[in-house]
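> I am attaching a structure below and will ask some questions about it afterwards.
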Amino acid sequence: MVNFDKMIDNYVYKENKPPSIGRYWPSQIGSCIRKVWYSYKHPKEIDTELQKIFELGNIMHNFVVDVLKSEKNPHVELVNCELPLKLEKDGFTVSGRVDDIILLKEDGKYVIVEVKSHKNIAYVDEPSRAHMVQIMIYMHVSGIHNGIILYIDKNNLKTKFFEVEYDEEFAKKIIDRIKKLDKFLKENKLPPAEAKYDKKLRWMCKFCEYRERCEKDEK
Ligand code: SF4
């Protein structure tokens, strides 16, 4: 018989390429700086279950693209999707893809839309810090200073969204943070266990695949 689970596993499987120092992604930067450092120095295989979650995110984004470009929503125009953006600075590169750029026809406003699928948006009260960091870099590099972080529920397609205004100071702080990470990596110095000592970020440790290593290094 045909094994569909196996076929899906085969389909989503991607060979892991180790990340190269000096090249960063906006989606990493809001994470614990030590965790990102480990992901360069001690990269781990992304397992198939996680690949499937990423694939679900892509499927949800494709759905949002269909909604945005539909003639049934004539007040909005989808100007671009999956637009590659790059920032080259101080010997490092930050590159990523903007999910969507839309034009609100009524007021002629261009808006970046970053789409995040979620397992239960009832629990979403505010945008996550990592998503704010990501969209802020996109706004900084693209020059489009209006943003929306859109959460879409994987169970029922309900949404919650948060408007984000460009904040130049915040964008500069993010770039400084990338510079710091780059320096830690190039000098082979372990950064502080950021999430462990920050009440607001401590939850990250619970899901961190480097927790054991981090605890050992702390000792
Ligand atoms: S365990 Fe916590 S502090 Fe350590 S690397 Fe992971 S997220 Fe960062």
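The values are calculated or read from the model by the stated rules, or taken from the named source; none is laboratory data. Quick caveat, the model's predicted, so the values are computed rather than measured. Note: ideal-geometry Cβ built from the backbone for every residue, glycine included; neighbour counts use all protein chains shown. For accessibility, only protein heavy atoms count, side chains too; no ligands or nucleic acids. Shrake-Rupley method; radii C 1.70, N 1.55, O 1.52, S 1.80 Å.
> Just for region 186-196: of the residues that are outside any loop (DSSP other than H, G, I, E, B) and near the ligand (Cβ under 8 Å from one of its atoms), which one is nearest to the chain's Cα centre (by Cα)? Spell out how you get there, then give the answer.
Residues of region 186-196 outside any loop (DSSP other than H, G, I, E, B): 186, 195-196.
Next cut, near the ligand (Cβ under 8 Å from one of its atoms) only: 195-196.
Values: Ala195: 18, Lys196: 21 Å.
For region 186-196, the residue satisfying everything is Ala195.
Let's see how each residue does on (1) away from the ligand (no atom under 16 Å from the Cβ); (2) touching a residue at least 60 places away in the same chain (Cβ under 8 Å); (3) closer than 27 Å to Val65 by Cβ:
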{"site": "Gly143", "(1), (2), (3)": "yes, no, yes"}
{"site": "Leu157", "(1), (2), (3)": "yes, yes, yes"}
{"site": "Lys160", "(1), (2), (3)": "yes, no, yes"}
{"site": "Glu165", "(1), (2), (3)": "yes, no, yes"}
{"site": "Lys172", "(1), (2), (3)": "yes, no, no"}
{"site": "Lys179", "(1), (2), (3)": "yes, yes, no"}
{"site": "Asp198", "(1), (2), (3)": "no, no, no"}
{"site": "Leu201", "(1), (2), (3)": "no, yes, no"}
{"site": "Cys214", "(1), (2), (3)": "no, yes, no"}
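> From the list Lys183, Lys199, which residue is open to solvent by 40 Å² or more (accessible area, probe 1.4 Å) and at pLDDT below 95? Lay out the reasoning, then the answer.
Details: Lys183 fails: at pLDDT below 95.
Matching residue, one of Lys183, Lys199: Lys199.
> State all residues of region 1-56 that are of a type in the set (Ser, Thr, Tyr) and either within 16 Å of the ligand (Cβ to nearest atom) or under 28 Å from Val141 (Cα atoms) (or both); if no residue qualifies, say none. If you could, list the steps in order and put the result at the bottom.
Within region 1-56, the first condition is being of a type in the set (Ser, Thr, Tyr), and the residues that meet it are 11, 13, 20, 24, 27, 31, 38-40, 48.
Those that are of a type in the set (Ser, Thr, Tyr) and either within 16 Å of the ligand (Cβ to nearest atom) or under 28 Å from Val141 (Cα atoms) (or both): Ser20, Tyr24, Ser27, Ser31, Tyr38, Ser39, Tyr40.
> Do we find that Glu218 is modelled with pLDDT under 95, farther than 30 Å from Lys119 by Cα, within 16 Å of the ligand (Cβ to nearest atom) and of a type outside the set (A, V, I, L, M, F, W, C) in this structure?
Yes, satisfied.
> Counting only residues that are more than 7 Å from the ligand (Cβ to nearest atom), more than 18 Å from the chain's Cα centre (by Cα) and in contact (Cβ under 8 Å) with a residue 60 or more places away in the chain, how many does region 203-212 have? Reasoning before the result, please.
Of region 203-212, the ones more than 7 Å from the ligand (Cβ to nearest atom) are 203, 206-207, 209, 212.
Applying the additional criterion that residues be more than 18 Å from the chain's Cα centre (by Cα) yields 206, 212.
Checking the rest, the ones that are also in contact (Cβ under 8 Å) with a residue 60 or more places away in the chain come to none.
Total meeting the criteria: 0.
> Please pick out the residue among Glu194, Glu165 that is acidic (Asp, Glu) and open to solvent by 100 Å² or more (accessible area, probe 1.4 Å).
Details: Glu194 fails: open to solvent by 100 Å² or more (accessible area, probe 1.4 Å).
Going through Glu194, Glu165 in turn, just one is acidic (Asp, Glu) and open to solvent by 100 Å² or more (accessible area, probe 1.4 Å): Glu165.
> Report every pair of residues separated by at least 6 positions or lying on different chains whose Cβ atoms are under 7 Å apart, first residue within region 1-24 and part of a loop (DSSP other than H, G, I, E, B) and hydrophobic (A, V, I, L, M, F, W, C), second surrounded by 11 or more Cβ atoms within 10 Å (Cβ to Cβ) and at pLDDT 90 or above.
Note: pairs meeting the criteria are Ile21/Tyr40; Ile21/Leu185; Ile21/Lys186.
> Next question, about the same structure. Looking at region 143-155, which of the residues that are more than 10 Å from Tyr166 (Cβ to Cβ) and out of contact with any Phe, Trp or Tyr (no Cβ under 6 Å at 6 or more places or on another chain) is most open to solvent (accessible area, probe 1.4 Å)?
Taking region 143-155 and keeping what is more than 10 Å from Tyr166 (Cβ to Cβ), we get 148-155.
Filter once more, keeping what is out of contact with any Phe, Trp or Tyr (no Cβ under 6 Å at 6 or more places or on another chain): 151-155.
On the way: Tyr151: 8, Ile152: 4, Asp153: 6, Lys154: 74, Asn155: 122 Å².
Only one residue tops the list, namely Asn155.
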